[in-house]
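What follows is a set of notes on a single structure, which appears directly below.
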Amino acid sequence: TRQSQKLPAFGGVPISCPNGVASTAACYQGFDPAAYLQYNYTPPRADFQRKDSISSWELACLHRAFTEGDVSGELLVDIGSGPTLYQVMSGCEVFNKVLLTDFLEVNRQELRSWLQDEGGCSLDWTPFLQHVCKLEGRRPSAWTEKAARLRQVIVDIVPIDVNRPQPLAHDALPSAGADCLVSAFCLESASPDLAAFTRALGHIGRLLRPGGHLLLIGALGMTYYMAGDGVKIPTVPVNEAQVCASLKESGYTLIRLEVYTVPQDMNVGTDDAYGVFFVKAMKE
Ligand code: SAM
């Protein structure tokens, strides 16, 4: 297959054997969007009464990055959206077009359910919308306007594979590329090892115009996460130095790296990350 490596065998006859990318992809067949949302996007991890909850920290990083004034343009692309929307709740105010992407149809379906607003969503995003409104200095009740804005600017929800040199269908983007990429917990979750993580950073960089920004969120030191009852997805553990080196190797200039250390009570047993990183970078 495309994702197989030719290895020399006894007698010099090459044999085909699936490499790590293919086995990571196979693990995703059990991904349960509802369970994943429950593990990661409800309290204690998403508790907006607490500034030190994981989601509070992530939304604050994204708010800051999108409102500093240097990130702008027409098109924002979210890489590996999964079943989640929090990562574009600040960006949707800056960009007139937002493209959501994911590897799995079940996740794209979850996003379409929210977009169509006809019920059937696995998670109520209202607390997230309210919290981002608060960060923007708006009254919490403005969340309905933010939801309407988000539904208005999402132009499509399309398949992606960051392990391919061309991750999107050839006609998914304008030829100039995206003005900004945001990606949360995707690359380390889609890569079997550090080399694949670095390659994936390069692949997604090809979707971005020169001078465009990358806002990257990821887990630190994570070897697995649970994505459903008994669904354990192996991931590549990365540290801050490795993220910086991979960015440099893949043609990005680092603007800022922020690190969050997971407090003991946010360790809910569904992954083994010690922290979360937030990167603001620019494509050279
Ligand atoms: N962005 C969401 C978030 O912040 O919670 C979801 C992150 S989830 C840990 C990892 C996501 O990567 C899943 O939605 C999965 O479908 C996606 N994924 C797995 N393999 C991928 C690949 N080869 N290319 C792109 N996305 C992939």
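The values are calculated or read from the model by the stated rules, or taken from the named source; none is laboratory data. Values in this document were obtained by computation on a predicted structure and should not be read as measured data. Heads up, the Cβs are rebuilt from the backbone with ideal geometry, glycines too, and the neighbour counts pull from every protein chain shown. Accessible surface is based on the protein model in full, side chains and every heavy atom, while ligands, DNA and RNA are left aside. Shrake-Rupley method; radii C 1.70, N 1.55, O 1.52, S 1.80 Å.
Leu201 sits among other residues whose Cβ lies under 11 Å from its own Cβ, and their net charge, with Lys and Arg +1 and Asp and Glu -1, is +2.
Here the spin labels are modelled as points 7 Å beyond Cα on the Cα-Cβ line, and at Asp193 and Thr42 they lie 3.9 nm apart. With protein chains left intact and a 1.4 Å probe, residues in region 31-283 average 40 Å² of accessible area per residue.
Between the helical axis of 194-205 and the dominant principal axis of the chain, each derived from Cα atoms, what acute angle in degrees is found, rounded to the nearest 10? Long axis of 194-205 versus the principal axis of the chain: about 60 degrees. Taking label points 7 Å from Cα along the Cα-to-Cβ direction, Asn239 and Ala148 give a separation of 5.0 nm. Site pair Thr126 and Arg112 shows an inter-label distance of 2.6 nm when each label is modelled 7 Å from Cα along Cα→Cβ. If you take all other residues with their beta carbon under 11 Å from the beta carbon of Asp179, and give Lys and Arg +1 and Asp and Glu -1, the sum is +2. Residue ranges 161-168, 78-85 sort as 78-85, 161-168 when ordered by packing (mean number of other C-beta atoms within 10 Å per residue, highest first).
I'd like the carbon and sulfur percentage of the solvent accessible area for the chain, probe radius 1.4 Å, heavy atoms only, ligands and nucleic acids excluded. The nonpolar share, carbon plus sulfur, comes to 54 percent.
A simple packing score, the average count of other Cβ atoms within 10 Å per residue, orders the peptides 233-242, 173-182, 255-264 as 173-182, 233-242, 255-264, with the highest score first. Taking Cα centroids, how far is region 244-274 from region 72-148 in Å? Between the Cα centre of region 244-274 and that of region 72-148, the gap is 22 Å.
Over the residues of the chain, the helix contribution to mean residue ellipticity at 222 nm works out to -9000 deg cm²/dmol, using -39500 (n - 2.57) for each DSSP H run of at least 4. Quick check: from the Cα gyration tensor, does region 31-283 come out rounded (a/c under 1.5), prolate or oblate? It is rounded, given that a/c, with a ≥ b ≥ c, falls under 1.5. Sequence-distant contacts, meaning Cα pairs under 8 Å at least 6 residues apart, place the relative contact order of the chain at 19 percent.
For the pair Gln166 and Glu136 in one chain, pulling the backbone fully straight at 0.36 nm per residue adds 7.3 nm over the alpha carbon distance. Here the extension length gained between Glu74 and Gln264 equals 64.4 nm, from 0.36 nm per residue of separation less the Cα-Cα distance.
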